[in-house]
Amino acid sequence: MSQLYNSIEPNIIDDEMVQKAIEEQCPEDIGKLAKREGINLKDVTELQLGFRNILQIDNLWQFENLTKLQLDNNIIEKIEALESLVHLVWLDLSFNNIEVIEGLDTLVKLQDLSLYNNRISKIEHMDTLQELQIFSIGKNNLTTLEDVIYLRRFKNLRTLNLTGNPLCHDEQYTLFVVAHLPDLVYLDFKLVSDTTREVAVLKYQDLTEPLEHEEAQALAQLEENQAKQKELEYHKTAFVEYLNGSFLFDSMFAEDTEAAKLAYLPGVGNLLQAYRTEFVSVCENLFNYGLKEYEKREAEVSDFYEGLHEALTANQQEGRKIILDFENRNKRRLDEIHSASSYDIAESKRAEYKEDILQLSEALMTLEMLIADQLEELIKDFKGNIAVIASTFIENVKGMMTQCRDLENRYHEKLLEISITTLEKSVKNQLDEDLPADVRMLLVDKNTIVNAINASHGIRLLKIAKRESDILSNTYRWQASVTEKAFQNEIDRNRDRVREIVQYIDNLQEELDNIEILGPTE
Amino acid sequence: MEVLEEKEEEEQTGEELKALEISDNLQDVEMKVSMEQVCVPSDVPDFDWSSIDTSQLPSSYKINSPKEKKLLHIADHFLQQYTHLCPDRKPLFLHPVNECGVEKFVSTTIRPTLLPYTELYHWDGCASFVSDYLTMEPLKSPITPPSSLYSPTTILKYQKGNCFDFSVLLCSMLIGAGYDAYCVHGYATHEICSLDETLKLCPLLRKPQEVPKEGMKKKSNKYRVKPPPDLQSKFELQQEAKKAAETEAAQKNKEREEEKVTEVEKPKRDPLYGLRVHAWVLVLSGKREVPETFFINPFTGNSHSTRDEHFLGIESVWNHRNYWVNMQDCWNGCKDLVFDLSDAIRWEIMLSRIKKPLQLLSDAEEEKELSDRDTDDMQEKGEEDMSFDMPPSWVAPIQISPREFETRCSQGRKVILYKKAKLEKWAPYLNGNGLVKRLTVYADLDCTEVVEVREWFRNREDMLDMREVNKQTQLTTEYFSPGHLLGLKAHTYMSLEPETEHTMEFYNEARVDGLQKRVENDNKMTEYFVGRDDFLHVRHMEFGKRGKKIHLASTRTDINSRPIVQIKECFHRNLEKPADEDVAERIFLITEETIHLTYHLKDKYITASKKDFFKAADGDRKGNEIVMTPEMCITYQAGSSEKDKKLLHLYKALQQLTEEEKQLKQQVRQSEAEVLNILKIRENEETAVKLTVSIYNTERNKKRRQQYEAMKNTMEDELLGQEEQDLDYLAPFLIQIGHRKKMTKGQALRVRDDCLTDLKHRLIDKANIIQARFEKAVEELQKKNQWFQENHNQLSAEEEDDFLTCCSEIAFRIHILALRLNREKQTAPQKYLALEEKLRKDPRLAEYLGHA
């Protein structure tokens, strides 16, 4: 074996080899054509590179649309350079010298993977291959039965080949695999019988049940997270994320150490509680209002696009009608010109046809002008409406934020009052309660405490202002983007249409011109 | 009611006789008319009800039970009070005589019965059955109720009756089926009373009302493009509108004149309007999920709303329980009547109840009674609730045999005339071709010019359901039920000749190719498909003239087929492909060797991509090497200017198309063949109509019955054979020997002897047993005698009787035993001899015993 291995010059995939491989797999007649024209590597969907002593995979990045790749019977040692072949459905790497499964993460469409006769000792790095149906990893160095559990994540796996691995010597091998992969239909080229499955399930119930439980839990967790994420996403599009609850309020106090200290002052606890409930209720209002406004905005946008779509469809139909009319009228025109009895007749007919084409061009362009004008107006209306919606939203948000600020100010005043009275009491040593040392530190003189209170007030106001500006800027951005998109879409559409018309007319002209050459010769 | 009363009063003033005369005359006329209309073919026009045989009827028909007598008494009393209270109203219809001349109360004439046919579980089935099964007879006098009311059984037997007979029968069936139904005695229009439907549109011709589709599109969008500026002259438009209005006005005038003509057709006013007595059925809401109270006209079997203007008034209603008199005013027909029978002011009840009105009767009780009804001992339970309970019906159970039920109308045929239409009905299997219904539509009121004939069939093996022949266009359309051999659904044609105009519709779900419709005429064929995987929905083929262009078309298939000129296929959008790779239409111009492909429109585009292939005519010149040249294909790619699509792809596409063209040609030939096949099959089916018979219909399904009987016979034969086999008298002895096949003479003799001795033992045993019994009986007798002798004096007369009977019994037994013993002694030797003889002849032993 080693001698054989040594005697052969290892190869690397290069253009020449690829070209040859492509040519080989073409039928003869097409091959000739292909040779003459050259082949676009993007069009190749299947490639066979077996028995070529390839040592290293390379130069395959151009085959973007490849669905089937055979690299069997080479001396490849490492799976690499396959990242760009994302459409791959079938990958054959059997009879190579691969030791580690890797580099397959981007091949998410892979259904059939063969790693037969390699040197792999662990099943790993395949989490993204969720479409996998057939997996062949026979004649490798797999030793532990528990490796099979990894394969449970492939919900579509129906055929598995594990023969020739050391783990197959285990007496329980078949039952273990069948028990852990209950959806398997073929194992090691044999149909899994129902009786085997029953026996296996019974035998390994204790092992598989906790696994199943775990998986179910994980799935539930995932779903929950996704649902939450989705909810948050929804709130974000409505610009009111984290406003349903005390999140903003908590964040206002989160970094404020002074406030925490002040909370120990007598009576502040209650005050804080009352402040909190009020603030949260205002936030809640804002949140609900935000969601409502969001629905309104969405409805407005979808209304607009519906109207736009209606207009466009009507326009498209009209244009189509004009073209169909023209085509029906001129179905036989070219033939007539072509086979006209005399040059004059052909010429006159040609002129006629030319005139007709011109008219068609005119008609289509007029139609386009019309719809462009109409749509411009439509979009202007839309812009206006969007602006109105946005400004009312902003106004109301501002109002609610002012409510928040008022609450904050009131709280601030009351806090000030309390702290001053406490200070006075403290000065007079009339305090009933024991206060923590750092709180006592604040109660040394009026300036200190007022400063502390003012500082924390400032922080809170800042938080509110930031949240407000977030909402406002998001709203402005939304307004701009929606309007911009509508305008841009219209511009693109208009350009596309004009180009289409021009091209179509050109095409007709060209056809006519081509005929002209033949006309007189007959 | 007032209106009626007033009218009556007017007429009553001395002109009663005259009125009666008029009515008699009228009735005669009506009789004639109705006879013509109903088309009772060559029947005895006046069926003599007095000649019917009443001798076979049960006694309940002929005499009144005491309870019935009491009921009649109560009824008379009620009538007296009623006439006293309402002297103006007509006498009530309470107890007419039945066919045996006995007065019976009307409620007892109703015999609630549930018949064992699923159709008759619903009111419409019952109503149409009654209207079909019975032949209508007009009332003797159209303005008075009949003097007699026969039992439903008699009516069923003779299959004819007046409106009261109809109603009673229908009511019996409806109550039996669980409906809250009542017979109604009232007044109706002439058309209703005389079963004159010539002014009505045939219900089969009534078009289903189109539900206006609105609300969907109404949502106006504020984003609507403004219409382009209108550059038309307003003045011109005005002028045009004026002109249009003028012509319209002229048209209207014309129409009005026409309307006048049609109005003449309407009948003149009926002089007896509002006086014509009629009986019908009222079904109250509540039971059997009837949502609303309605009438059923028993003559037609149609339901009518209680506000129907044809029903002009109600005198009284009754069911099997009670009798109610209407006390409401009928000046406005039945429109304002309230059908709350528990309302004592509106409805005067005859047998008043103390506790609960009928409508509140619990369902459970009702059902119990229903089941009791058949066994004649009904209504014992509810009795506590009522002061006087209605006696059970005197009528025998209503029975309809399956054959009668199937045959429906007398002689299995019925004709109904509608406005400009004639409807004929037949019993199934009566006509050899399965015809059950025929509707002839006429252009005029006199029914002379046939417009259209529709025929309905049943039980046909070819699943033909209906045939529509339009006499004006000569177009025939046949509709098939699912299950025809070729999935045929409808077939429209002028003649069954091939290559003429045909439209065939198919049950596309039943076909592999999803073919829904195929339209063919002399040189075109269009096929419509539904739900195909390749999104094909239309295939259109054009054919050339036969014979002339044969050299162009493929001659090898068959010379007779028409050359194909063009095949066009249209596809729906396949959303999995991009629009400009998804073919919308492809045209194979076979004679010109070109293929046109048109692709689907891309989103928002108005021009479709196109490809035109011109097959290489010079391909053969260079041997068989086909070279693709850019001239062979003209491409227009919408929305992209780059045209340099590789020839390779075009070549592949062309190759594929050529292949498909070949297949398509074959497909077309197949379609043609299928059309021919269908036409042939249809012709065969039409010439030899076969009717299917359900395997459960043993009466008709002769084959099935024969099969069944044959099976039964063979079963019986087998059983007999088995029995014979079982009784092999030699078996036990042969088993003793062991191997049966070979037997020595000695063995055979032993078998014989064993057998004979066995029989001897048996016979002796038997004799012994009899002897023992005999002796025992004698002994018993002796003992008895002895006992009697001893206690002779102390015995009572009774005991003595006992003893005597006992003695005689024992004596009898002794006698019998003696006889048997005797006979046994006589027959034993005979039996022995017979067995010996039999053994000698037994094939298993014969060869050995024969020599002996």
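The values are calculated or read from the model by the stated rules, or taken from the named source; none is laboratory data. In this text the structure is predicted, and so the values were computed from the model without any measurement. Cβ placement follows ideal geometry from the backbone for every residue including glycine, while neighbour counts extend to all protein chains displayed.
Side notes on the structure shown:
- Condition check for residue B:616: part of a loop (DSSP other than H, G, I, E, B) and either away from chain A (no Cβ under 12 Å) or at pLDDT 85 or above (or both): yes
- When A:347, A:318 are checked against the criterion of being of a type in the set (Asp, Glu), at negative phi, facing chain B (nearest Cβ under 10 Å) and in contact (Cβ under 8 Å) with a residue 24 or more places away in the chain, A:318 stands alone in meeting it.
- Segment A:289-309: number of residues that are more than 14 Å from chain B (Cβ to nearest Cβ) and surrounded by 14 or more Cβ atoms within 10 Å (Cβ to Cβ): 6
- Between A:274, A:299, A:311, the distinction of being in contact (Cβ under 8 Å) with a residue 60 or more places away in the chain, small (Gly, Ala, Ser) and assigned to a helix (DSSP H, G or I) belongs to A:311 only.
- Checklist (1) free of Cβ contacts under 8 Å to residues at least 24 places away in the same chain; (2) assigned to a strand (DSSP E or B); (3) of a type in the set (D, E, K, R) applied to residue B:454, failing item: (1)
- Among the residues of segment A:56-66, those identified as away from chain B (no Cβ under 14 Å) and surrounded by fewer than 18 Cβ atoms within 10 Å (Cβ to Cβ) are A:56, A:58, A:59, A:61, A:62, A:64.
- Subset tally (residues that are more than 19 Å from residue A:507 (Cα to Cα), in a helix (DSSP H, G or I) and hydroxyl-bearing (Ser, Thr, Tyr)) for segment A:330-357: 2
- Residues in segment B:120-142 that are in a helix (DSSP H, G or I) and touching a residue at least 24 places away in the same chain (Cβ under 8 Å): B:120, B:121, B:123, B:124, B:126, B:127, B:128, B:129, B:130, B:131, B:132, B:133.
- In segment A:276-298 there is no residue that is more than 30 Å from residue A:235 (Cα to Cα) and β-branched (Val, Ile, Thr).
- In the set A:53, A:74, A:40, only one residue is modelled with pLDDT under 85 and either within 14 Å of another protein chain (Cβ to nearest Cβ) or surrounded by 14 or more Cβ atoms within 10 Å (Cβ to Cβ) (or both); that residue is A:40.
- Restricting B:154, B:108 to residues that are at pLDDT 85 or above, in a helix (DSSP H, G or I) and surrounded by fewer than 23 Cβ atoms within 10 Å (Cβ to Cβ) narrows the list to B:154.
- Given (1) closer than 27 Å to residue B:475 by Cβ; (2) modelled with pLDDT of 90 or more, number of the condition residue B:569 does not satisfy: (1)
- Selection status of residue A:18, in contact with a Phe, Trp or Tyr (Cβ under 9 Å, 6 or more places away or on another chain), at pLDDT below 85 and away from every other protein chain (no Cβ under 14 Å): yes
- Here residue B:82 fulfils each of the conditions (1) hydroxyl-bearing (Ser, Thr, Tyr); (2) exposed (fewer than 14 other Cβ atoms within 10 Å of the Cβ); (3) modelled with pLDDT of 50 or more apart from (2).
- Residue tally, condition hydrophobic (A, V, I, L, M, F, W, C) and within 9 Å of another protein chain (Cβ to nearest Cβ), over segment A:469-507: 1
- Inclusion of residue A:443 among residues that are of a type in the set (A, V, I, L, M), within 14 Å of chain B (Cβ to nearest Cβ) and surrounded by 14 or more Cβ atoms within 10 Å (Cβ to Cβ) is not warranted.
- Screening the candidates A:328, A:429 for the property of being under 30 Å from residue B:596 (Cβ atoms), over 43 Å from the mean Cα position of the chain (by Cα) and not acidic (Asp, Glu) yields one hit, A:328.
- Residue pairs whose Cβ atoms lie under 6 Å apart, separated by 6 or more positions or on different chains, with the first residue in segment A:444-455 and of a type in the set (A, V, I, L, M) and the second modelled with pLDDT under 80, are A:449/A:442; A:452/A:258; A:452/A:442; A:455/A:258.
- Criterion applied to A:82, A:107, A:47 was being more than 14 Å from chain B (Cβ to nearest Cβ), assigned to a strand (DSSP E or B), out of contact with any His (no Cβ under 8 Å at 6 or more places or on another chain) and modelled with pLDDT of 80 or more, and the one residue passing it is A:47.
- Taking the conditions (1) within 26 Å of residue B:520 (Cβ to Cβ); (2) surrounded by fewer than 19 Cβ atoms within 10 Å (Cβ to Cβ); (3) over 19 Å from the mean Cα position of the chain (by Cα) in turn, residue B:484 satisfies each one other than (2).
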